[in-house]
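Structure first, then comments.
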Amino acid sequence: MSESEKGFGHINRCIPLTKGLVKKKFHVEFLINKNKNIEKILDYENIPYRIIPKKVSIDNESKYIKKIID
């Protein structure tokens, strides 16, 4: 599996869930690593997303996410 293909199963499973939550008036925003193919899918589906900066390590990802949601 190439780097650009990673995450597609997860994204494809989350899109219907996201659409259902949005219909129920929830705000949903994806946090993704830089991946133009996934960005295109989310843009096409009109789903908002943020790209996790490369400088954020796996070890610090949870801290980064906490800052976003606080």
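Only the coordinates and a few stated rules stand behind these numbers; no lab work does. The structure displayed is predicted, hence computed values, not measured ones. Neighbour counts run over all protein chains shown; Cβ positions are idealised from the backbone, glycine included.
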Under 5 Å, built H, 5+ apart or other chain: amide partners of Y49: F30
Gyration tensor verdict on the chain (Cα atoms; rounded if a/c is under 1.5, prolate if a/b is larger than b/c, oblate otherwise): oblate
The chain, relative contact order [Cα under 8 Å, separation at least 6], %: 27 percent
Inter-label distance for Y64 and F8, nm, one decimal - labels placed 7 Å from Cα along Cα-to-Cβ: 2.4 nm
Listed residues I11, F26, S57: farthest to the positive end of the dipole of the chain (Cβ charges): F26
Unit charges on C-beta of K, R, D, E only; dipole of the chain, Debye: 220 debye
Charge sum, other residues only, whose C-beta stays under 15 Å from I15's C-beta, Lys/Arg counted +1 and Asp/Glu -1: 0
